[in-house]
Each structure stands twice: as C-alpha cells, then as structure tokens.
Amino acid sequence: MTSPTPLPRSWYEESARGRLAHLLDAGSFTEFLGPERRELSPHLALFNLPRQFDDGIIVGAGALAGKPVLVAAQEGRFMGGAIGEVHGAKLTGLLHAARQLKRDVVILFDTGGVRLQEANAGELAISEIIRATLDARAEGVRMVGLLGGRAGCYGGGSLIAGCCSALVISEQGRLSVSGPEVIETNKGVEEFDSRDRALVWRTMGGKHRYLIGGVDLFVGDDVAAFRAGAVAALERPALLDPAALASEQGRLERRLARFGDATDGTEVWARLGLPHPAALPDLDTSAFLTLANTQRESADAAR
Amino acid sequence: MRPADILSSLFPAGHQVGEAGGLLSGTGRLDPQTVVDIVGITGKTYPGVDEALALAGRILAIAERPDPAPLLFLVDSGSQRMSRRDELMGLSETLAHLAKALWQAERAGHRTIGLLYGGSAAGAFIATALACGSLVALPGAWPEVMDLPSMARVTKLSVEVLTEKAGTTPVFAPGLDNLFATGAIAEIWDPARPLSDQLKALLATPATADGRAELGRERGGRLKAATIAQEVERLALAHG
C-alpha cells in the first residue's frame, strides 16, 4: 500500500490560521498575544467598522522541518490585511525578539498596505518594522517572506518584503507598491487598466517577479509547496552588510540598464531570451520553472 | 522655507548643493570642523526606480567612507511615482533598497538626519524621511499617508465626514501635527532661529535605538504601539 498523495490545499484560498497550521510542523505552534487577549484596534470604532480580536495578524513561534522559527501571518480577509497600530506593533515586537534570540522569521504576507483609518500609526509602524527587520538581519537572522495571499503584498507591505533575506512567491502572488486601482485612479485607465487581470499578472505577478530576480523561489499555489519553499529559503544567505548592499545596488542598476525601456512584461521576458514570452502566463508550475530557470535573473545574496 | 533659505540658515559658513531631476546633492559646512553631506528630493518630485537608485548609490558611497560626517536628507516629495513602468521594474525592491542604504549609513557612523520641509507621502515617505535615524521638520511641512479625497474613495466616506472625524481623531488625518503626535518626528524646528544651531544641538545628542513608539505614547498620538510591541517581545523571549 502506498500512502495517498494529499490533495493540494490552495494557499490563496486558505485563511491565515489555516496556512500556519499546515505550514509549520504539526503541533509546534505557540501564539503570542492571541485573540483571547482581545487586543483590538483602538481606532476602527470611530468608523463604525468591525474589529477583530487579533487585529488581522497572528504572531508566534513554531518549527519548520524541526528548525525553530518565529512566524507572523497576515489575514487578508480582515481589512485587506492592512497594517494598523496594533497589527504593526505585534510584528515589531516579534522582530525585536528575533534579533535577541538570533531566531529566523517567516512572514506570511497578505496585505494591501497601511490601514487608512489609522494611517499615521500604520505608516510609522511600517517604518519601525523595516528598522527592526534590518537590525535583526545585521545579526544574521534570516527573514523569509511568503507571497501568495488573496490581498497580495502592496504599499508599505511591499517595502517590508523588500527588506527580507529571501522571498517565495506563487503565480497568484502580487508584489508592488502602488496597486492597479491606485495607479488607475491617479494616472488614468490608459496608464493602467486595473480590470485587465492579465496586465496585472504581467506587471506585478509571481512569474514576472521570479523572472527578474525580485523573488528567489517560485512555487505552486499549494500549502505544502509553500512549506517546501520556506524550508529552502531558510537555507539561503541572509547577512545584511555593506557587501550585500553594494551588490544589490549593482543588481538593480543592471536591471534598469537592461530592461528600463521595456513597456510590458512580455518585452522583459523576450530580452531574457525566453522563447514564446507571450505564452509564459499559461504554463503550469513545472513547465514554467524548467524554462525560467535557464534564463532568469537571480538576486543571489544581493538582497 | 525654500531650499536656498534652509541651506543658508543651516550652513552660514557655506555650502555647495546642486539640483538635477528633482534630486539634491552636495555638502555644507556646519562649522570649521564639520562638513555635512547633503542629499535631497525637492519640488514635490515623485520618486520612482531611477530616483531611488540614484539616491541609494550616493548614500552607500557616503556610508563606505571612514569619516563620521553626518548626512542630511532634505525632503519635499510627492508619494512614490505611480506608473506601470516603475512597478514593472520592481519599485518595492528599489525603495526598500533606499531605506537599507540610509540604515547602513547610520550603522556605519554617519548620523542620518531627515529634514522634512515640504510634502511627502506613502511609500516615498517610508523610504526617505522615515528611514533616517532622526527626523525633524519645519512648520509648513505636509506629510500624509494619502490625501483625503483618495482616502474618501477607499473608505467610502465623504470628504466632509473625514474632515469632521479628523478633528477628533488625528491618527488618520494628514498633516505635521498629526504625524508629530505619533512619534514619527523628533523635533519641529523654529525657522526664526538659525537652523545651524538646531542641527548642532541635535548632533550633540547621541544616536539612539528606535524610540518612536515611546514618543508616540508620551505625546498621546499612539497609545498602544509601545505596550503591544513590548508584550510580544517579552512573550517571545520567555518562550525562547
């Protein structure tokens, strides 16, 4: 008898708690300041908006393939995973502990960015999270970001992701500062038609980010695949030092020199030397990886 | 205040600062012993990938120098440039890289002082002014996360309702006083006094770890952040 292959469990469709439960080693998770403590947003009531007992983020400790890690998971179904005062402070506190424990961190991103109803507190929280991330990384702490949630990873959330030592993404993952609707609202539908889903994927989706070296690992939309990706990402170089930053400067300058006048994702992929770039969005995970891995840009340790 | 007046008041002993494409670059002499490196974003420029990389490159070059010259970052920007090309090229990586460059300069012994004298917003604010080791502002500065009309679209509340709420709850409303209350801004400088004296006084205080959450609690603009962060840190350390 062979054991049955477990059915894929969509990362995109899963809740933050569901993702965590199947990402970590069974029974290893301990939550800090969980919903029983009822640390609610002090600001949402003014807008007559419902609050949530965990303020849309779960933080705690667990194990991944036997290795202890600290984890944070954003809930994209609550306020679009947006970062407010309590939400942000929970992540900042976790990162302060990570630096002192020299413990690696895995962040399950699912966020539209700053929570506008408490915009000033959220904006500053993101700055504090970035500083705490960099301080921890300077001690050699690995910071792995997982990108495949329903709300994407936008705004200030995308800047936090940009400070991680390694990123894992699925095709459904979207990583960008300004979201499609924001660009369309400010610059017009000619600049960005937010209803053109194919354009969204080509500009900020997982395949494009993987091809230009914006992320390090590409996985299918499956919790087990994200788990394998997180385990692999925890093996990648993490130390943030002057050499890494000089490499990153060079890497990003080369990207602009090579692709800076391209107007569409397909043009970038053609310049990478990929055959039939227009067909890339249709490829399944393994076919895409086979092709992409021969030609893609890689960040290596320049992150 | 305009950049020329700010620089004259900061550096009565002289400065050389050039402007190109909305970015400032140069040096100023605070006193006979102290030269200050100057970078900046001016004229409400919206930084995209090109501007962020140019700023980061200059800042990393300063960070590599062994001298301890302070770095002053003058900020009058828009939000990040909102365009298809910037996102295609990975603006999130580039803005994060700029924040890392400032962090590295501070870590390497160059005090990084952000001076917000105009606007700044959203991702641009996070990657420039807020990424400096110390942030000060001049009256008339106008930081915002998002302007009220855009916020009205997202929150589905009218501008009138938002304006009314802003009067009682500054935590979401644009403006210097509201950001100051959260702890984001260390000091608001007095333009009637020489800015050079105020910069010298700031440089005379030691660089410290991030104390913005405590400041927000003291000022009453962000009452929960420090307590929550400390409690999670305590629980995580106790768990080990």
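Annotations for the structure displayed:
- Whole-percent carbon and sulfur share, accessible surface of chain B, 1.4 Å: 57 percent
- Shielding of peptide B:125-135 by partners, expressed as the average count of other chain Cβ atoms within 10 Å per residue Cβ, is 4.
- Vicinal HN-Hα couplings computed from phi for region A:115-122 (Karplus, 6.51 cos²θ - 1.76 cosθ + 1.60; Hz; Gly/Pro x): 7, 5, 5, 9, 4, 5, 5, x
- Within a Gaussian network of chain A (alpha carbon springs, distance under 10 Å), most fluctuating of A:Pro242, A:Pro281, A:Pro35: A:Pro242
- Debye intensity ratio in log₁₀ form over the Cα atoms of region B:73-163, taken at each q of 0.21 Å⁻¹: -1.02
- The equivalent ellipsoid that matches the C-alpha gyration tensor of region B:109-240 spans semi-axes of 26, 24, 13 angstrom, in descending order.
- Distance between the modelled labels on B:Ala192 and B:Ala238, one decimal in nanometres: 5.1 nm (7 Å Cα→Cβ projection).
- Dimensions of region A:246-303 along the principal axes, based on C-alpha atoms and rounded to the nearest Å, stand at 35, 25, 14, largest first.
- Sequence-distant lysines (8 or more away, or on other chains) whose Cα lies within less than 28 Å of A:Lys102: A:Lys67, A:Lys90, B:Lys100, B:Lys224
- Within the straight-line cut-off of under 19 Å between alpha carbons, none of the lysines are reachable from B:Lys200, sequence neighbours fewer than 8 places apart in one chain being disregarded.
- Inter-site label distance for A:Glu139 and B:Lys200 at 7 Å from Cα along Cβ, in nm: 3.8 nm
- Residue-wise HN-Hα coupling along region A:147-156, computed from phi with Karplus coefficients 6.51, -1.76, 1.60 (Hz; x: Gly, Pro): 10, x, x, 4, 7, x, 9, 10, x, x
- Hydrodynamic radius by Kirkwood, which averages 1/r over all alpha carbon pairs of chain B, in angstrom: 18.8 Å
- Calculated mean residue ellipticity, 222 nm, chain B: -13500 deg cm²/dmol, from DSSP H runs (n ≥ 4) at -39500 (n - 2.57) each, averaged per residue and rounded to 500.
- For region A:1-154, the ratio of Cα radius of gyration to the globular rule of thumb 2.2 N^0.38 Å stands at 1.06.
- Rounded to the nearest 20 debye, dipole of chain B from Cβ charges on Lys, Arg, Asp, Glu: 260 debye
- Relative contact order of region B:44-150: 33 percent, from C-alpha pairs under 8 Å at least 6 residues apart in sequence.
- Under the shape rule built on the C-alpha gyration tensor, where the axes satisfy a ≥ b ≥ c, region B:180-240 is oblate, since a/c reaches at least 1.5 while a/b does not exceed b/c.
- Inter-chain neighbour count for A:125-137: the average number of beta-carbon atoms from partner chains within 10 Å of each residue's beta-carbon is 6.
- Only DSSP H runs of four or more residues enter the estimate; each adds -39500 (n - 2.57), and after division by the residues of chain A the mean residue ellipticity at 222 nm equals -12000 deg cm²/dmol.
- Accessible surface buried upon B-A contact (total; probe 1.4 Å; Å², nearest 100): 6800 Å²
- R0 of 60 Å, Cβ-Cβ distance B:Gln16-A:Arg9: FRET efficiency to nearest 0.05: 0.50
- 1.4 Å probe accessible area per residue over region A:16-240, in Å²: 28 Å²
- The alpha carbon radius of gyration of chain A, expressed as a multiple of 2.2 N^0.38 Å, is 0.98.
- With the alpha-carbon atoms of the protein assembly as shown aligned to their principal axes, the span from lowest to highest coordinate is 84, 53, 47 Å, starting with the largest.
- When the solvent-accessible area of region A:16-240 is split by element, carbon and sulfur atoms take up 49 percent of it, the probe being 1.4 Å.
- The mean count of C-beta atoms from other chains within 10 Å of the C-beta of residues in A:150-159, rounded to a whole number, is 4.
- For chain A, modelled as a GNM whose springs connect Cα atoms under 10 angstrom apart, the maximal fluctuation among A:Ser165, A:Ser176, A:Ser41 occurs at A:Ser41.
- Over region B:1-51: Kirkwood hydrodynamic radius from C-alpha pairwise inverse distances, Å: 11.6 Å
- Considering only the protein assembly as shown, percent of DSSP beta bridges that pair antiparallel, nearest 5: 40 percent
The values are calculated or read from the model by the stated rules, or taken from the named source; none is laboratory data. All figures in this text were calculated on a predicted structure; none of them were measured in a lab. Ideal geometry is used to build each Cβ from the backbone, glycine not excepted, and the neighbour counts take in all protein chains shown. SASA here: full protein model, heavy atoms, side chains in, ligands and nucleic acids out. Shrake-Rupley method; radii C 1.70, N 1.55, O 1.52, S 1.80 Å.
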